[in-house]
Every structure is written in C-alpha cells, then in structure tokens.
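Visitor: Submitted below is the structure of interest, expressed as structure tokens.
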Amino acid sequence: MERRGLIIVHTGEGKGKTTAALGLAIRAFGAGLRVLILQLIKGQRRSGELAALNALGIDVRQLGLGFVTQENFAEQKKSARAAIDLARREILSGAWDLIVFDEINYAVKFGLLSATELLELIKIRPPQMHLVFTGRDALPELIDAADLVTEMKLIKHPFQQGIAAQSGIEF
C-alpha cells in the first residue's frame, strides 16, 4: 500500500489537542515512522510527556518562550520566525515521516506567524509526509486543506472549579 501523507488538525476550546497529537506521534513512532515534534509557544518547561517522549527517543524541540504577553511580544515573534524557518528546513530535509506543529495555530492567532507561512508548510511537504497542527482557532484555510480535523469541545474543566493544574494530567 502506498503511503499518502495526511494533514491533521486538532483544534477547539477543549483540552486534549496536544495530548492527541502526542499520542499519534507515539503510534507513528511505534510503527517505525520517523517523528519530529516542534512546540512553537511552549517554553523550556519540563513535563511528563516530554520525559516519556525523550525516553522513547522521539525528537521534541521546544522553540517557544512560554505565554505570549505584550511585554515579550517582539521576542516571541523573533522566536516564531526562527521556528518557522526551522520547520521549513525540517520538512525539506527528508528526515521525517511525521512532523507535529504543536500550538502553531496560536502563533498565527497572536500574529507571530502569518496564515501564508503556515499554509506554505503544507505546500512544500513531500506528498508522503504527515503533518499535524494543533491549537485553538485553526484557520478556515487550514481546515479546508486538512484530511482530518478534530475539534475538542470544552464541556467541563477542573480549572472552572478552582482546581489547579495537576502533574501528570495537565503537564
């Protein structure tokens, strides 16, 4: 069977977008695919998923600086520029079968990257390469270009009850 690369989008207000993408990355890695995860907003914070992915040997690169604020916007934009340049190089390298662009939709929403730059990633990819895009507010053009789109719907969240983020669940 000939492999056809898929464009996959995990979006919506609910929790689980990154979790779904990382689960897919683990499945792909287990099936022998070469996997790269690029996290565009997340900073150098250690988390349970990073420890597990590193233990498996999956390449995860945290390219962001954490939460985007007015105070750090210029620095965040510079970081996003470097990340999109790296993303282009990695797509064109031929080294990967699946690349996850975690939180890239936020980077576009916040004005760190343009819609054109995001959509260019799809245009330049080899036809057998899978790309996964996560984050709220996915562009309509990205949704149109995708083969699979999942919208996470928030129904209830512990934060709404005043429960702090829990290690192993949220991070």
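No value in this document is a laboratory result; all are computed from the given coordinates. These numbers were taken from a predicted model, which means no experiment stands behind them. Virtual Cβ from ideal backbone geometry, glycine too; neighbours counted across all protein chains shown.
Visitor: So what is the calculated 222 nm ellipticity per residue for the chain, using -39500 (n - 2.57) for each DSSP H run with n of 4 or more, over all residues, to the nearest 500 deg cm²/dmol?
Guide: Details: 6 runs with 66 residues, N = 171.
For the chain, the value works out to -11500 deg cm²/dmol.
Visitor: Run the simple label-point estimate for Phe73 and Arg88 please: 7 Å along Cα→C-beta, distance reported in nm.
Guide: 2.4 nm
Visitor: Rounded if a/c is under 1.5, else prolate if a/b is larger than b/c, else oblate: which is the stretch 7-153, with a ≥ b ≥ c the root eigenvalues of its Cα gyration tensor? Show your work: numbers first, answer last.
Guide: Values: a/c = 1.31, a/b = 1.16, b/c = 1.12.
Because its axes are fairly even, with a/c under 1.5, the stretch 7-153 counts as rounded.
Visitor: Taking K and R as +1 and D and E as -1, what net charge do the other residues with C-beta under 14 Å from the C-beta of Thr116 add up to? Show your work: numbers first, answer last.
Guide: Values: positive: Arg81, Arg88, Lys123; negative: Glu117, Glu120, Glu141.
Around Thr116, the surrounding residues sum to 0.
Visitor: Taking θ = phi - 60°, what integer Hz values does the Karplus form 6.51 cos²θ - 1.76 cosθ + 1.60 yield along the stretch 69-82, in sequence order, with x for Gly and Pro?
Guide: Using θ = phi - 60°, the values come out as 10, 4, 5, 10, 4, 4, 5, 5, 5, 4, 5, 5, 4, 4 Hz.
Visitor: Something else now. 5 Å is the cut-off here: which amide hydrogens, built 1.01 Å from N in the peptide plane, fall below it relative to Gly14, excluding neighbours closer than 5 in sequence?
Guide: Close amide H contacts, sequence-distant or interchain: Met152, Lys153, Leu154.
Visitor: Further question: What is the magnitude of the charge dipole of the stretch 32-171 about its Cα centre, with +1 placed on the Cβ of each Lys and Arg, -1 on the Cβ of each Asp and Glu, and no other charges, expressed in debye to the nearest 20? Display every interim value, and only then the final one.
Guide: Values: 16 positive and 17 negative charges, 54 e Å.
Dipole size: approximately 260 debye.
Visitor: Among Asp144, Asp97, Asp59, determine the one that fluctuates most according to a GNM of the chain built with springs between C-alpha atoms less than 10 Å apart.
Guide: Maximum among the listed residues: Asp144.
Visitor: While we're on this one: Considering amide H positions built from the backbone, and no H for Pro or chain starts, which residues 5 or more places from Val100, or on another chain, come under 5 Å of its amide H?
Guide: Here Leu36, Ile37, Leu38, Val132 satisfy the definition.
Visitor: Shifting gears a bit: So for the stretch 7-153, taking the charge dipole from beta-carbon charges (+1 Lys/Arg, -1 Asp/Glu), which of His130, Leu53, Ile37 sits furthest toward the positive end?
Guide: Going by the Cα projections, it comes out as Leu53.
Visitor: Now for a different question. Give the order of Met152, Met129 when sorted by the count of other beta carbons within 10 angstrom, beginning with the fewest.
Guide: Numbers: Met152 17, Met129 21.
So the ranking, lowest neighbour count to highest, is Met152, Met129.
Visitor: May I pose another question? Mind listing the phi-derived Karplus ³J(HN,Hα) values for the stretch 19-36, rounded to whole Hz, using 6.51, -1.76 and 1.60 with θ = phi - 60°, and x for any glycine or proline?
Guide: Running phi through 6.51 cos²θ - 1.76 cosθ + 1.60 with θ = phi - 60° gives 4, 5, 5, 5, x, 5, 4, 5, 4, 4, 4, x, 8, x, 7, 8, 10, 10 Hz.
Visitor: Which whole-Hz couplings ³J(HN,Hα) result when phi for each residue of the stretch 116-127 is put into the Karplus expression 6.51 cos²θ - 1.76 cosθ + 1.60, θ = phi - 60°, listed in order with x for Gly and Pro?
Guide: With the stated coefficients, the stretch 116-127 comes to 4, 5, 5, 5, 4, 4, 5, 5, 8, 6, x, x Hz.
Visitor: Let me know the shape class of the stretch 1-88, please: from the alpha-carbon gyration tensor, a ≥ b ≥ c as square roots of the eigenvalues, rounded when a/c is under 1.5, otherwise prolate if a/b is greater than b/c, or oblate. The partial results should precede the final answer.
Guide: On the way: a/c = 1.80, a/b = 1.65, b/c = 1.09.
Prolate, since a/c reaches 1.5 and a/b exceeds b/c.
Visitor: Ranked by Cβ crowding within 10 angstrom, fewest neighbours first, how are Ser47, Ser114, Ser79 ordered? Let's see the in-between values first.
Guide: On the way: Ser47 16, Ser114 12, Ser79 21.
Taking fewest neighbouring Cβ atoms as first place, the list is Ser114, Ser47, Ser79.
Visitor: Right, here's the next one. Label-point separation (nm) for Gln161 and Asn54, each offset 7 Å from Cα along Cα-to-Cβ?
Guide: 3.2 nm
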